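The values are calculated or read from the model by the stated rules, or taken from the named source; none is laboratory data. Worth saying up front: this structure is predicted, and the values here are computed from it rather than measured. Note that each Cβ is placed from the backbone with ideal geometry, even for glycine, and that neighbours are counted across all protein chains shown.
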Amino acid sequence: MPSTEKLMHFLSSSVICAAGVCLLGYGMSADWATAEMVCAPEGSEQFNGSSSLKIGLFNGTETKINCPRISKLGEKVPVFDRLGKLAGAPIILHALVVILLALALVGSAGSILVSLYNSFSNPYQTYMGPIGVYTCGGLSVCVASLALILYVANAYFGQMFETLVKADEANVNLKDVKIDLKVGFFLLIPYICFNMVSILIVYLYVHAAYTRRKQQEKPTEDAPKEIMMY
């Protein structure tokens, strides 16, 4: 049976990783950003309309006022459907973000399972040992970090919000886009931190165990050769 110290380290790692999964799961269902912009009919310089969006990863709402000639309050926005109408970089980047987050959840699930397995058994130093925790946790951290970067790039440089508006009303000019990132996006940061902490906990145990083993072997290594011959 594993020692109490090992049990506590690996159980703590799995619990912290599970807490990160809960954060990411909630974040994926929450709002990720809001955007406001002014609009005008195509070819006109009179920007007397506006559009405001509040979106998550999959759905959102839009309020239009004279944008360009119609007004709608709280209109539902299916994000993938709208982005897919105009294709291009916004739909590709947004799809990549969702895929990367799904991979992050898979990595976290693997890390939890391997940690729990190590809590109650003593596997050899294979992928089912601490290496498995490092691999799965590292995968989650990397892909979640990449998803965070891609979402920011898509929102601020990929014209994702302008595409969402133009997919519903093509003959419109837009400017003065103001974007605010919301809780769903920011929950990625503690999720990444939780995964890093879960890896660190396992690493600290492995390092301490390795140090103790070396200290136990040292007296034999330092013993005089005459003594070791008997």
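Of a type in the set (Ser, Thr, Tyr) and over 26 Å from residue 179 (Cβ atoms): is that true of residue 14 in this structure?
Considered against the rule, which asks whether it is of a type in the set (Ser, Thr, Tyr) and over 26 Å from residue 179 (Cβ atoms), residue 14 comes out as yes.
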Would you mind finding the one in 133, 183 that is in contact with a Cys (Cβ under 9 Å, 6 or more places away or on another chain) and within 25 Å of residue 109 (Cα to Cα)? 133
Would you tally the residues in the range 148-178 being in contact with a strand residue (DSSP E or B) (Cβ under 7 Å, 6 or more places away or on another chain) and over 16 Å from residue 50 (Cα atoms)? 2
Quick check: is even one residue across the range 3-13 surrounded by fewer than 16 Cβ atoms within 10 Å (Cβ to Cβ), modelled with pLDDT of 85 or more and among the small types (Gly, Ala, Ser)? no
Looking only at the range 133-175, which residues are over 20 Å from residue 58 (Cα atoms) and either in a helix (DSSP H, G or I) or of a type in the set (Val, Ile, Thr) (or both)? 133, 134, 135, 136, 137, 138, 139, 140, 141, 142, 172
Tell me, which residue of the range 176-209 that is of a type in the set (A, V, I, L, M, F, W, C) and assigned to a strand (DSSP E or B) is farthest from residue 71 (Cα to Cα)? 181
Only one of (1) out of contact with any helix residue (DSSP H, G or I) (no Cβ under 7 Å at 6 or more places or on another chain); (2) under 29 Å from residue 178 (Cβ atoms) fails for residue 3. Which number is that? (2)
Just a yes or no: is a residue in the range 174-184 hydrophobic (A, V, I, L, M, F, W, C) and free of Cβ contacts under 8 Å to residues at least 12 places away in the same chain? no
Can you find a residue in the range 127-136 that is surrounded by fewer than 17 Cβ atoms within 10 Å (Cβ to Cβ) and in contact (Cβ under 8 Å) with a residue 40 or more places away in the chain? no
So, in the range 119-147, how many residues would count as being at pLDDT 90 or above and among the hydroxyl-bearing types (Ser, Thr, Tyr)? 4
For residue 68, only one of the following conditions fails: (1) over 23 Å from residue 197 (Cα atoms); (2) surrounded by fewer than 17 Cβ atoms within 10 Å (Cβ to Cβ); (3) at pLDDT below 90. What is its number? (2)
Matching option when the condition is at pLDDT 90 or above, within 20 Å of residue 141 (Cα to Cα), in a helix (DSSP H, G or I) and not basic (Lys, Arg), among 57, 83, 116, 23: 23
Residues within the range 96-111 that are surrounded by 14 or more Cβ atoms within 10 Å (Cβ to Cβ) and more than 24 Å from residue 131 (Cα to Cα), tallied: 3
Conditions: (1) under 20 Å from residue 20 (Cα atoms); (2) assigned to a strand (DSSP E or B). Residue 109 meets all but one. Number of the miss? (2)
Return yes when residue 42 is farther than 27 Å from residue 100 by Cβ, over 15 Å from the mean Cα position of the chain (by Cα) and touching a residue at least 12 places away in the same chain (Cβ under 8 Å) and no when it is not. yes
